[in-house]
Structures are given as C-alpha cells and as structure tokens.
Amino acid sequence: MSVIEADSLRKAYGDVRAVDGLDLAVDRGEVYGFLGPNGAGKTTTIEILTGQLRPDGGRAAVLGTDPANEPVETRRRVGVLPEQQTPPSFLTPTEFFEFVGRVRGLDDETVAERVEEWSQRLGFAAKLDTLCADLSRGQQQKVMLTQVFVHEPDVVVIDEPLANLDPIVQEQVKRYLRSYAEDGNAVFLSTHNIDVAEDVCSRVGIVTNGRVVAERDVADTETDLLDAFLDAVEG
Ligand code: ATP
C-alpha cells in the first residue's frame, strides 16, 4: 500500500479548478517531487493531504486514512511543512519545540535530545533561546524544518523546504531527506525548482492545471526533467 495516495482528487474555488482529477501515489523509500509552475495546484493539494481542506471529489489517503479525519496516532506519524509558514514570533525555538513535542506526545527529554541534534545539524544552536521574531528568515526556516522531524514521523509533506537556506545547509537537508527515505520513510516535496527536484528526489510528478501530467524517475538518465517540465507546461 502506498503511504500517500490521491485518486481523481478535485477542488475548485468558484470557477477555478485548482485541483482537477489529480492522481498520485508515493511509497516508502521515495522522495517524491511535486513539481509545477505557479498556480498549478500544489498548495491546494498539500492542504488536502494535510487535512486543512476537504476535496470536492475523489479521495486522498495518508498512511491509509483520510487526512481530514485522521486519528491522533496517525497524525503523529506525519510531519508537515506548510508554504511560507514561520514559527510563532512570541516564542523562542526552545519554547516552540516544547509545545510541538507535547502536541506530538513526546516527553521533554526526548524533545531536548532531538532538538540538540537538529540545531547542530542545521547550525542554529546559538539561537535556541532567541525570540523567533528576532530570527532571520533562514533561521526561522530551520526551526520549521526541525519541527517537521522532531517526532520522527514516517511520512513528511513539505513545501519548498530549502527556501531561504544557505547552500551548505541546503546540502545537509538534501542529504538528510535522501537518507530519511532510504530508511523506509516517505517524503512528498513540493517545489517549483527543477534543480531541487533533480538533486533530492527519486521520482518527480509534474503538475499543471490541477493534475499530474507526467512522472519521471530521476535516476533514469534518459530523462531530462527540464524538457519534461516544459513539454508539460507548454503542451
Ligand atoms: P504557487 O506555486 O504559485 O504557490 P500552487 O501550485 O501552489 O501555486 P495553488 O495555490 O494551489 O497553486 O492555486 C491553484 C489555483 O487555485 C490558482 O489558479 C489559484 O489562483 C487558485 N486559488 C488558490 N487558492 C484560492 C482561493 N483561496 N480562492 C480562489 N482561488 C484560489
């Protein structure tokens, strides 16, 4: 069974068909890139997969359950990074992770250990007790990435995870995402960036006009992702 599934998914805003018969399936071991131009329906699809929006039709499932009616135990196995979301300005990263840990059912000691590991990995350990309002945009993104993984989820749904990160940290995050999938987890990564998709994903779905119009294995050397993307967008 695939851990993320969408079958004939549909969602309209008035006359705009944001998601229009979208099918996809992501298995454990994969970093699946959801690649599409502006307005393709990526955010709307993510909002459905993370239970924030209900589809008008079709079916979405994450770990075998409807994301809009997920039991708490299932929700705790999923990590989410929404588009451009920042941590609460009035908390420090330490306070934010304590809060996230409690919501995720973790004890404070476990949270502290994992936060230490992640803050070292991403290089923001010195900022753990600074108000999030006073962090740079990139430091805020590091905090948001840490909250995705703090409860060691089986599946993550992440939107532009490398935005605002410097090149060294980008490489670390890419390496981590690949090894996390190799360990038997699944990553659903939305991006407009072909280089990111090529560097980090094992398979890419090209989305345009609310549906996945092509899928490519990145390891397939015959594949030129840019050509496939342009064909899909122009065709
Ligand atoms: P981007 O890469 O620019 O963030 P996207 O692929 O995430 O785009 P969506 O945000 O899902 O695309 O938007 C898909 C379509 O739905 C667009 O045509 C957009 O204008 C429309 N849309 C999205 N949200 C709303 C809304 N709340 N009300 C009306 N139309 C919307």
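Where the convex hull is taken over the Cα atoms of the stretch 48-150, what is its projected area averaged over directions, in nm²?
Average projection, Cα convex hull of the stretch 48-150: 7.0 nm².
Taking H as built 1.01 Å from N, whose amide H comes closer than 5 Å to the amide H of Val212, not counting residues under 5 places away?
Counting only residues 5 or more places away or on other chains, the set is Asp23.
What residues have an amide H closer than 5 Å to that of Asn185, excluding those fewer than 5 places away on the same chain, when H is modeled at 1.01 Å from N in the peptide plane?
Gly29
Can you pull the semi-axes for the chain, root of five times each eigenvalue of the Cα gyration tensor, sorted largest first, whole Å?
They are 29, 20, 17 Å, listed from largest to smallest.
Explain nothing, just the number: relative contact order of the chain, from Cα pairs under 8 Å at least 6 residues apart, as a whole percent.
29 percent
In debye, nearest 20, what is the charge dipole magnitude of the stretch 49-165 about its Cα centre with +1 on Lys and Arg Cβ and -1 on Asp and Glu Cβ, if you could check?
Dipole of the stretch 49-165, to the nearest 20 debye: 280 debye.
Roughly how big is the chain's charge dipole about its Cα centre, with Cβ charges of +1 (Lys, Arg) and -1 (Asp, Glu), in debye to the nearest 20?
Dipole magnitude for the chain comes out near 560 debye.
Over the stretch 101-235, what is the relative contact order in percent, taking alpha-carbon pairs closer than 8 angstrom and at least six residues apart?
This gives 17 percent for the stretch 101-235.
Please tell me the relative contact order of the stretch 88-137 in percent, rounded to the nearest whole number, where contacts are Cα pairs under 8 Å and at least six residues apart.
RCO, the stretch 88-137: 59 percent.
Specify which residue in the list Ala228, Leu106, Val207 is farthest towards the positive end of the charge dipole of the chain, using unit charges on the beta carbon of Lys, Arg (+1) and Asp, Glu (-1), about the Cα centre.
Leu106
At each listed q (0.16 Å⁻¹), what is the log10 of I(q)/I(0) that the Debye formula gives for the stretch 1-82 modelled as equal alpha-carbon point scatterers?
-0.58
Helix-derived [θ] at 222 nm for the chain: sum -39500 (n - 2.57) over DSSP H runs of at least 4, divide by residue count, nearest 500?
Rounded to the nearest 500, it is -10500 deg cm²/dmol.
Using every Cα-Cα pair within the stretch 31-72, state what percent have a distance larger than 17 Å.
Counting every Cα pair in the stretch 31-72, those more than 17 Å apart make up 35 percent.
I'd like the Karplus ³J(HN,Hα) series for the stretch 155-168: coefficients 6.51, -1.76, 1.60, θ = phi - 60°, whole numbers in Hz, and an x wherever there's a Gly or Pro.
For the stretch 155-168, the Karplus curve yields 9, 10, 10, 10, 10, 6, x, 9, 4, 6, 8, 6, x, 5 Hz.
Return the sequence-ordered ³J(HN,Hα) values of the stretch 60-65 in whole Hz as given by the Karplus equation 6.51 cos²θ - 1.76 cosθ + 1.60 applied to θ = phi - 60°, using x for Gly and Pro.
Residue by residue, the stretch 60-65 yields 10, 9, 10, 6, x, 10 Hz.
None of the figures in this text is laboratory data; all of them are computed from the coordinates on show. Remember, it's a predicted structure, so these values are computed and weren't measured experimentally. FYI the Cβ positions are ideal-geometry reconstructions off the backbone, even for glycines, and counts take in every protein chain you see.
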